[in-house]
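Where a number appears in this text, it was derived from the coordinates with a stated rule and is not lab data. Since this is a predicted model, take the numbers as computed values, not measurements. When we count neighbours, we look across all protein chains shown, and the Cβ atoms used for this are built from the backbone with ideal geometry, even at glycine.
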Amino acid sequence: MSNRLTEPPTGADEPRIGVFVCHCGTNIASKVDVHDVCEYAGTLPGVAFSTEYKYMCSDPGQEFIAAAIKEHKLNRIVVSACSPLLHEDTFRNAVAKGGLNPYYFHMVNIREHGAWVHEDKASATAKSKDLVRAAVYRIVFHEALERKRVSVDPKVLVVGGGIAGIHAALTLAEAGKKVYLVEREPTIGGHMAQFDKTFPTLDCSACILTPKMSKVKSHPNITLWTYSEVAEVDGFVGNFKVKVKRKPRYIVEDACVGCMDCIDVCVFKEAKFEDEFNLGLSKRKPVYIPFPQATPQIVTIDPDTCIEVKTGKCKKTCVEICGDRNAIDFSQKEKIEEIEVGNIILATGFKTYDPARSPEYGYGRLENVYTGLEIERLINSSGPTGGHVVCRDGNKPKTVGIIHCVGSRDEKSNKWCSRVCCMYSLKLAHLIKEHTGAEVYNFYIDIRTPGKGYEEFYDRLQGEGVHFIRGRVSEIADWIVSPEEEGKLIIRVEDTLSGFVRRIPVDMAVLAVGLEPRPDAQEVRKMFNISCATEGWFLERHPKLAPVDTFTDGIFIAGGCQGPKDIPDTVAQAGSAAAQVMALIDKGYVELEPNTAYIDEKECSGCKSCIPLCPYTAISFDAGSLKAVINEALCKGCGTCVASCPSGSISQNLFEDAEIYSEIEGVLADV
Amino acid sequence: MKYSYYPGCSLKGTGKAYEESVLAIFETMGVEANEIDDWNCCGATAYMGVDESMAFGLAGRNLALAEREGATDVVVPCNACYLSLNKANKYIEEYPQVKEKTDKALAAGGLKYGGSLKVRHPLDVFVNDIGLSRIKDAVKTPLKDLKVAPYYGCQIVRPYAAFDSQRNPTSMDQLLDVLGADVVDYPLKTRCCSGSQTGSLPEVGLRLVYILLKEAKRRGADVIVTICPLCQFNLESYQDEVSKRYKEDLAIPILYFTQVMGLALGLSAQKVGLTRNLVHVFPTLDKREVGHV
């Protein structure tokens, strides 16, 4: 050991290192001579004990480590096995069970880095030896570290009042947790409130949703803020400080009873402005309620169209009729509410694809081309036509074509499958047929119905005489080749089952548009400090094992903001997010990994170069001492600041210079 | 602005009016266009199917000549030539085997192509280099009340051109709009004119021509405006035949977009080759009081 550049600390206990080499069944043993590696490890400086075992991660394997620590008086442990991502925690616990500080431990990956990437046994074995040697050199420098705890504020913020946000909020509230539910629209309900029926059971969407909406409104544990947006998020898991911007709706929420007299007497005799809830298929006045079951059941005054808000020169008939109730207040200003919460669930939802981006389908140019969501509104009895599915001229369509995969599974728009369009196309086919008796054609490239009762629903639709034509529609056109086509929309498609190009004249075309991330997903991502996948959907920590967690502790995602999903999956995910939050709340604290960066205050020059580099916003500047300060609760141990610090004043636990240099020396040592 | 100019065979023959009008507009707008010295056949799209390397060699020679003359952009008005030259340019850039073969062929003739050229269509030059606002300012006699169906043909934006949408090109619509024309919504704008099928398979070819003509008339167009000599030829020359076959009057003037542009810029009918058109446009123009004719 005397020829080493990095000398082990003096004065401490003489290192007694234990090396445990795992076979991982045949995963490692078939490509690495485990016995050879184990014997070799025994010859390394400081190693007091080395052994091999078939499954180190099994219960007996772990017991074996704990027992060996006591029996051989080991004070440093190296496990040479698979990836620390999988089992670092397992072995740290085993080390702790043996009475050692769990950070006197290092894991070597000879499976992914050895057995799985080498063809030749000799080189895989040689590399495994190198890696074990590096670990033995490094571990001498390990120090005992302590996991810190921070307490968790039991209040929760849920962002987004669609079915995901509603379900998560109610689950938490029912469990006795205090919840803030923030929704930017005047009402909660989200997209689900716009649907008429839900697939595959065809139960009325509003009937199953509105009881939950009113429960949200009346629940003593839920503070509901509609027409509001999160403006700022600060803090860390268990201790977030959030600012919520409450937009003025010019209505005193507690005073309004939703009598709607003000809407009737508004100076606009006719509704004139595009109704957002009905996607512009109907008009509303500047003072409005989005739909009959809106929650809260109070009116909103739209500042962009209200004469009084815009010019201050209206007769204010609305104020007059409201009388003593005084629910209308044009002096309202934007208000910022500051709240403290321990956890946040993001359920900000999705947007539907704008088919004008695919000009071949004629949306916006040909008047009888609709999106699926527009047809939902036409079918709905509280919609713009009172539940009549009619073309723009008011006539019932005799033939309807539904085009699948518009803005989905297409290199030119969105590559992904939007998961719900097949099923909602089938549902719309059924409902349109029921309402109009029309011949309905479905143009599909695949039918994807993977859900409980979904395939059965597809079978049922085939039995109902809906036509299915396989092929991607090339064009919806109004140019004709025969007199029979006059006045119709012509759907041009290659029928890939019969092998012919077909022209199918229809009265109405319905585009089954796909789902996309919301346009402001990037801003939301930044505000909450989470990641997005390349397509813009919020990224979960692990697609299978942590589907509602994000990479930021204390922030969870649910519903359409994470990716396209139907109502059952959304509700399941929202429940899961609520359960994760409750686990944190009921535990009362979170343990922080100690592999964080720390600053040597004497050395820090206060240059601030580390602050903008930190991806977790964990570093701040202390104006008093003129030094940088790292918040351990936010630090994820990425090491960016350590590498960038010009004065070398930032170090990181478990990645100290001595540890890394010694590890390098170990790899390179010519033994 | 200075460009190298590649006319191709049709602009010296059936598409003479196109050449006259393109050059006249270049002159009016102060664009210098130098015809490539000793240019040859573009390798035509049909040749690509028979012998690709020969076609690349032919197109490559034109590119090499233009590059040797110091050009950076070569303007190609014929859609078929535009496609051939553009395709050769891309393939030479992207596929080492194509480059190697073409280099060898060019070397035999003492030439070399360094790959520096950009292949441009006059429509691209007008809209993106000269710019619509400059053209708008230059308009002397707006095409008032003239209903125009803009017909782009299949080759202009597919698959290599990047200056407009491949599914719904709109640059000619915008150009016609600043010229003061009444642009008709013409969804068949990139549909096939039948190419050379009118000669080899008239049953198929004439039906395609019929659909294009009929739809333009159905939408109330006074004229169809094209940017390709082959489209112009097909739509114009077979009108008698198609009208007889489908028992409909399908006569409608087919103009090059540069011809209507020239009229709006105040050029004479003679100067933009209008007297060469087979279907007389003058009655239509007189009725609409367009241009000085």
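Within a straight-line Cα-Cα reach of under 25 Å, A:K608 can be paired with the following lysines, leaving aside sequence neighbours fewer than 8 residues apart in one chain: A:K241, A:K526, A:K627, A:K636. Averaged over the residues of A:101-108, the number of partner chain Cβ atoms lying within 10 Å of the residue Cβ comes to 0. The B:K144 and A:A643 beta-carbon pair, evaluated with R₀ = 60 Å, returns a calculated FRET efficiency of approximately 0.30. With θ taken as phi - 60° and the Karplus curve 6.51 cos²θ - 1.76 cosθ + 1.60 applied, the whole-hertz 3J(HN,Hα) list for segment B:127-134 is 6, 9, 9, 6, x, 5, 5, 5 Hz, x standing for glycine and proline. Listed by chain and number, the lysines whose alpha-carbon sits under 24 Å from that of A:K197, ignoring those within fewer than 8 places in the same chain, are A:K212, A:K215, A:K217, A:K283, A:K351, A:K396, A:K398, A:K427, A:K433, A:K452, A:K565. Annotation for A:E464 and A:E174: the two label points, set 7 Å from Cα along the Cα-Cβ direction, are 3.1 nm apart. Sorting the segments B:83-89, A:509-515 by their mean number of nearby beta carbons within 10 angstrom, highest to lowest, gives A:509-515, B:83-89. Sequence-ordered 3J(HN,Hα) estimates for segment A:152-168 from the Karplus curve with 6.51, -1.76 and 1.60 and θ = phi - 60° stand at 10, 5, x, 7, 10, 10, 10, 9, x, x, x, 5, 5, x, 4, 5, 4 Hz, glycine and proline given as x.
For segment A:447-470 and segment A:476-540, what is the separation of their C-alpha centers, rounded to whole Å? After rounding, the separation between the Cα centres reads 20 Å. Look at the stretch B:205-217: the mean tally of other chain Cβ atoms within 10 Å of its residues' Cβ atoms is 1.
Mind giving me the FRET efficiency for A:I307 and A:D254? R0 is 25 Å, r the Cβ-Cβ distance, nearest 0.05 is fine. E(calc), rounded to 0.05, equals 0.45.
Close amide H partners of A:V47, meaning residues 5 or more places away or on another chain with modelled amide H under 5 Å apart, are A:I17.
For segment B:113-191, the Kirkwood radius over C-alpha pairs fed into Stokes-Einstein at 37 °C and 0.692 mPa s yields D = 240 µm² per second.
The length gained on full extension between A:Y598 and A:W116, counted as 0.36 nm times the residue separation minus their Cα-Cα distance, comes to 169.9 nm.
The overall shape of the protein assembly as shown is oblate: from the C-alpha gyration tensor, with semi-axes ordered a ≥ b ≥ c, the ratio a/c is 1.5 or greater and a/b is no larger than b/c.
When the charge dipole of the protein assembly as shown is built from unit charges on Cβ atoms (+1 for Lys and Arg, -1 for Asp and Glu) and taken about the Cα centre, the candidate among A:L634, A:P154, A:I375 whose Cα reaches farthest toward its positive end is A:I375.
Take each peptide in A:438-445, A:370-377, A:453-460, A:274-281, count the other Cβ atoms within 10 Å of every residue, and average; sorted highest first, the result is A:370-377, A:438-445, A:274-281, A:453-460. Look at the dipole of the protein assembly as shown built from charges on Cβ: of A:F105, B:A17, A:M213, the Cα furthest out on the positive end belongs to B:A17. Across chain B, the convex hull enclosing all Cα atoms gives 116 Å³ per residue. Put simply, the C-alpha atoms of segment A:54-129 give a gyration tensor, and the ellipsoid matching it has half-axes of 25, 12, 11 Å, longest first.
Across segment A:649-654, coupling constants 3J(HN,Hα) worked out from phi with the 6.51/-1.76/1.60 Karplus curve, θ = phi - 60°, read 8, 9, 10, 9, 4, 6 Hz, and Gly and Pro carry x. Summary: within chain B, the longest segment free of GluC sites (Glu not before Pro) located in DSSP loops with at most 13 other C-beta atoms within 10 Å is B:70-247.
A straight Cα-to-Cα reach below 25 Å connects A:K129 with the lysines A:K31, A:K54, A:K73, A:K121, residues fewer than 8 places away in its own chain not being considered. Overall shape: prolate for segment A:494-594, with the ratio a/c of the largest to smallest alpha carbon gyration tensor axis at 1.5 or above and a/b above b/c. Annotation for B:E289 and A:H72: the two label points, set 7 Å from Cα along the Cα-Cβ direction, are 10.6 nm apart. The local environment of A:M192, defined by Cβ-Cβ distances under 14 Å, has a net charge of -2 under the rule Lys, Arg +1 and Asp, Glu -1. Taking Cα centroids, how far is segment A:594-671 from segment A:144-192 in Å? Between the Cα centres of segment A:594-671 and segment A:144-192 lies a distance of 34 Å.
Between the amide H of A:I402 and those of A:Y441, A:N442, A:F443, A:V510, distances stay under 5 Å, these residues lying 5 or more places away or on another chain, with hydrogens modeled in the peptide plane. Expressed to the nearest 5 percent, the antiparallel share of DSSP beta bridges inside the protein assembly as shown is 45 percent.
Three semi-axes describe the equivalent ellipsoid of segment A:113-264; taken as square roots of 5 times the Cα gyration tensor eigenvalues and ordered largest first, they are 53, 24, 14 Å.
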